[in-house]
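Working notes, structure below.
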């Protein structure tokens with residue numbers, strides 16, 4: 001049973017908005033104004049002397065810009081203040097080594113979004129089993145899909161409330177992401193078993209107990225190439241191929257520097273919609289799978305992978321060209337599609353929510369070590385899916401991912417745990433600690 005300790009929990013919930021064409025136009029105008037506000041603020045910051053770069057001076061510049069420029073006035077005042085707050089925080093993250101320096105936001109490269117910093121301004125109400133109403137400044141009262149219980153109305157308290165929201169637009173339309181703060185009882189320590197998880201391409205999540213989690217979508221086509229659209233149905237794949245050919249054909253008629261035609265832009269939008277559908281299906285599978293793992297297992301052990309190094313190109317240089325460049329590019333695409341880092345992030349906060357523990361262990365050698373006898377040799381992994389031990393006294397053969405998952409759990413049980421880096425570029429060696437079972 002959990003104790004009486006109360007802990008604050010903050011999470012986000014995203015819901016689809018049902019906007020009319022006029023409301024979509026207003027939301028688009030606010031998003032473009034927010035992006036322009038960021039770019040003007042960044043230009044002002046670079047132009048001003050260092051002693052003048054203060055939030056107070058930036059706030060005064062924003063207020064004057066909203067008076068002088070009519071198209072910036074469509075952005076609510078609180079949303080403009082949120083742009084300033086986000087920009088200042090971006091510089092703090094840069095100075096502390098957590099991120100790169102902020103830069104200008106491009107019209108087509110940046111996501112369209114508008115921040116609503118005050119939750120009390122939303123005035124949320126549930127009007128139907130599947131729909132709710134929310135008040136958006138300078139847009140009006142609009143409907144959104146009600147798919148999760150939210151602390152609104154009489155259920156809202158000081159410790160359980162919606163603190164703000166953000167309007168986000170993707171290829172499938174406008175959505176609202178609520179920021180929710182709740183106070184709950186601390187979860188009891190999870191008494192479930194320990195499990196090691198190896199992330200892969202052939203088997204997305206291989207578990208040390210053999211309960212592998214597979215989404216049923218092969219990573220490669222029959223000809224051996226990586227399937228970029230595995231989350232789409234055959235009809236959707238055929239439609240995507242047709243749209244890509246149409247876009248390539250219409251693009252051939254556009255002169256260099258000429259503006260994209262409306263028909264070509266519509267084709268691009270249809271392609272983005274199919275890509276967005278595939279991304280949503282992948283996210284849905286990841287959410288369901290990580291929730292199941294957090295509920296089932298008390299200790300989840302994963303590798304401390306540096307994914308950015310794993311997906312580097314193999315082209316090489318002119319003097320020393322790389323080998324198997326196309327094969328490595330296909331593998332990089334498959335790794336990026338599986339989104340291993342996002343899976344681990346989901347596991348981290350869901351494990352804490354259910355009282356489980358997430359542990360990271362060093363990654364080197366887990367795929368080459370025999371989980372039966374402990375013998376390690378580079379030639380043991382026969383191919384991508386099969387492991388055969390080269391020890392003449394062992395001869396253990398099994399699925400390569402399952403063998404790696406057992407090795408990952410073994411590293412935790414002997415106390416070899418990776419310490420997370422303190423800074424962005426700092427590195428620390430793994431440390432031996434006692435596993436939970438031996439404490």
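The values are calculated or read from the model by the stated rules, or taken from the named source; none is laboratory data. All values reported here derive from a predicted model rather than from experimental measurement. Reconstructed Cβ throughout: ideal geometry from the backbone, glycine too, with neighbour counts over all protein chains shown.
The rows are residues; the columns are (1) in the same structural domain as residue 158 (by TED's automatic domain parsing); (2) on the phi > 0 side of the Ramachandran plot; (3) part of a loop (DSSP other than H, G, I, E, B); (4) touching a residue at least 40 places away in the same chain (Cβ under 8 Å).
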residue: 63; (1), (2), (3), (4): yes, no, no, no
residue: 78; (1), (2), (3), (4): yes, no, no, yes
residue: 81; (1), (2), (3), (4): yes, no, no, no
residue: 97; (1), (2), (3), (4): yes, yes, yes, yes
residue: 114; (1), (2), (3), (4): yes, no, no, yes
residue: 120; (1), (2), (3), (4): yes, no, no, no
residue: 129; (1), (2), (3), (4): yes, no, yes, no
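Do any helices (runs of 4 or more DSSP H) lying entirely in the range 323-439 carry at least 3 residues that are at pLDDT below 75, and which ones are they? If you could, list the steps in order and put the result at the bottom.
Details: elements: 325-338, 340-353, 400-413.
Passing ranges, in order: 325-338.
Can you tell me which residue within the range 106-120, out of those that are out of contact with any strand residue (DSSP E or B) (no Cβ under 8 Å at 6 or more places or on another chain) and within 21 Å of residue 28 (Cα to Cα), is modelled with the lowest pLDDT?
108
Scan the range 238-268 residue by residue and report those that are in a loop (DSSP other than H, G, I, E, B) and surrounded by 13 or more Cβ atoms within 10 Å (Cβ to Cβ).
Taking the range 238-268 and keeping what is in a loop (DSSP other than H, G, I, E, B), we get 252-261.
Matches in the range 238-268: 260, 261.
Restricting to the range 135-164, give me the number of residues that are within 14 Å of residue 13 (Cα to Cα) and in a strand (DSSP E or B).
Total meeting the criteria: 6.
Is it the case that residue 207 is assigned by TED's automatic domain parsing to the domain that holds residue 327, surrounded by 17 or more Cβ atoms within 10 Å (Cβ to Cβ), touching a residue at least 60 places away in the same chain (Cβ under 8 Å) and at negative phi?
The answer is yes for residue 207.
Out of 93, 103, which single residue is at pLDDT 90 or above, closer than 27 Å to residue 54 by Cα and surrounded by 13 or more Cβ atoms within 10 Å (Cβ to Cβ)?
93
Looking only at the range 279-311, count every residue that is at pLDDT below 75 and out of contact with any helix residue (DSSP H, G or I) (no Cβ under 8 Å at 6 or more places or on another chain) and tell me the total.
1
Matching residues to (1) under 23 Å from residue 279 (Cβ atoms); (2) assigned to a strand (DSSP E or B); (3) at pLDDT below 85:
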{"position": "191", "(1), (2), (3)": "no, no, no"}
{"position": "198", "(1), (2), (3)": "no, yes, no"}
{"position": "202", "(1), (2), (3)": "yes, no, yes"}
{"position": "206", "(1), (2), (3)": "no, yes, no"}
{"position": "228", "(1), (2), (3)": "yes, no, yes"}
{"position": "236", "(1), (2), (3)": "yes, no, no"}
